[in-house]
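> Just dropping this structure here.
The values are calculated or read from the model by the stated rules, or taken from the named source; none is laboratory data. Bear in mind that the values here come from a model prediction, so they are computed numbers and not experimental data. Counting neighbours? That spans all protein chains shown, and the Cβs are built from the backbone with ideal geometry, glycine included. Note: accessible area is taken over every heavy atom of the protein model, side chains too, but ligands, DNA and RNA are not part of it. Shrake-Rupley method; radii C 1.70, N 1.55, O 1.52, S 1.80 Å.
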Amino acid sequence: MWWIDDRGRWNPLGEAAESEATGGHNTVLDTPLGRDMMYRHFGMLRLEETSHRIVVSWDIRHVCEAALNEACNYLRQVRVPVLLRFCFVGWHEELHAKGGSALDRMRWTRAYSGVTPLPRPSILQRSLSEAMNTHNGFSLLLKGLQDSDGYLTAELRAEFECRGLMDKLVLFAEEDANLLFSHIGANSALRQVFGEAWAAEAKGRPYDFAPCADGLLRRVWDPYKPTLESAQPRFDHVRTLISPPQGESHWVTYKRLLVPYRQPGQGRGLALLSRLTRAVAIPFMDPHRVTWS
């Protein structure tokens, strides 16, 4: 692992690096504070290499030109996949099969070095046929509730459980004109993003329970009640910035399916199935190209 500095020099991680940027003979520390200092204060770029892939990390708005040029030159010769991990208000990752593709993308990011991005969520509604034609839980959820006339019966729930869908589902139950969390699957995207502690506390809370309703993130939840009222499923591609209480902000992309349902002898509810994926039809930092892998 190396830090490439403002003169294009390679400084081995954890060893003394002679660099004016770091003040001479300073150790490059692999700590959150140390990484933040390297990325933002000194404009360095980090490169990690194994026999299977290369990981290149940098902050677009702070990286030095010499560091970026040196990394680009190095990528010309690589023949393994390259994971680009760059910060543009939040961290974002892209996996490229070859060094040439990664090199082109790195060059393109230079155009955004002086840009202040708008961190609001992007939501793109897609056709239900796209969800139905997938060979995963989306089609199972849609078809199951369609065949049961919209009722989440005990038999259908047992089928979902048997096929591993309940672990991925989030269910909301309507109570006093509000939607409350009634089930948060152990492998659901919400649990993966917000954590176990949040999931335990969210049970029985409103659907926009913090941090879901914090700031611009609230927009992600706006379609929930209209979807319930329409009694029609909705399929979306979503990109949003997540800012956890601890740690750095990062971009999250996912596909989600919202399906209203009823329970026999009870009220209405809303089923949410989300799948974290880079393969969404929402370009990032380039309106003319989508290169998710």
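> I'm trying to understand the selection: among the residues of the stretch 13-31, which are in a loop (DSSP other than H, G, I, E, B) and either in contact with a strand residue (DSSP E or B) (Cβ under 6 Å, 6 or more places away or on another chain) or at pLDDT 90 or above (or both)?
Answer for the stretch 13-31, where residues must be in a loop (DSSP other than H, G, I, E, B) and either in contact with a strand residue (DSSP E or B) (Cβ under 6 Å, 6 or more places away or on another chain) or at pLDDT 90 or above (or both): just V28.
> Name the residue that is surrounded by the fewest Cβ atoms within 10 Å (Cβ to Cβ), counting only residues in the stretch 107-123 that are modelled with pLDDT under 85 and under 17 Å from I282 (Cα atoms).
Across the stretch 107-123, the extreme among qualifying residues is L118.
> Spot the failing condition for G34; the list is (1) over 23 Å from the mean Cα position of the chain (by Cα); (2) under 25 Å from H250 (Cα atoms); (3) assigned to a helix (DSSP H, G or I); (4) modelled with pLDDT of 90 or more, and only one is missed.
Single failed check for G34: (4).
> Further question on the same structure: Among the residues of the stretch 169-199, which ones are touching a residue at least 40 places away in the same chain (Cβ under 8 Å), within 19 Å of G150 (Cα to Cα) and of a type outside the set (A, V, I, L, M)?
F172, E174, E175, S182
> With the structure loaded, tell me whether E174 is open to solvent by 60 Å² or more (accessible area, probe 1.4 Å), part of a helix (DSSP H, G or I) and farther than 18 Å from R256 by Cβ or whether it fails that test.
no
> Just to be sure before I move on: is S182 open to solvent by less than 80 Å² (accessible area, probe 1.4 Å), closer than 23 Å to L140 by Cα, out of contact with any Lys or Arg (no Cβ under 8 Å at 6 or more places or on another chain) and polar (S, T, N, Q) in the structure I sent?
No.
> Let me ask something else. Considering only the stretch 203-227, state which residues are free of Cβ contacts under 8 Å to residues at least 60 places away in the same chain, aliphatic (A, V, I, L, M) and open to solvent by less than 30 Å² (accessible area, probe 1.4 Å).
Answer for the stretch 203-227, where residues must be free of Cβ contacts under 8 Å to residues at least 60 places away in the same chain, aliphatic (A, V, I, L, M) and open to solvent by less than 30 Å² (accessible area, probe 1.4 Å): just A213.
> Evaluate the following for R278: is it closer than 19 Å to F181 by Cβ, among the basic types (K, R) and touching a strand residue (DSSP E or B) at 6+ places or on another chain (Cβ under 8 Å)?
For R278, the condition - closer than 19 Å to F181 by Cβ, among the basic types (K, R) and touching a strand residue (DSSP E or B) at 6+ places or on another chain (Cβ under 8 Å) - is not met.
> Looking at the stretch 228-240, which of the residues that are surrounded by fewer than 18 Cβ atoms within 10 Å (Cβ to Cβ) and of a type in the set (S, T, N, Q) is nearest to L276 (Cα to Cα)?
Here the answer is Q232.
> For residues that are open to solvent by 20 Å² or more (accessible area, probe 1.4 Å) and not in a helix (DSSP H, G or I), scanning just the stretch 56-70, find the one that is modelled with the lowest pLDDT.
R61
> Name every residue in the stretch 177-206 that is farther than 20 Å from F160 by Cβ, part of a loop (DSSP other than H, G, I, E, B) and of a type outside the set (D, E, K, R), in order of residue number.
A177, G195, G204, listed by residue number.
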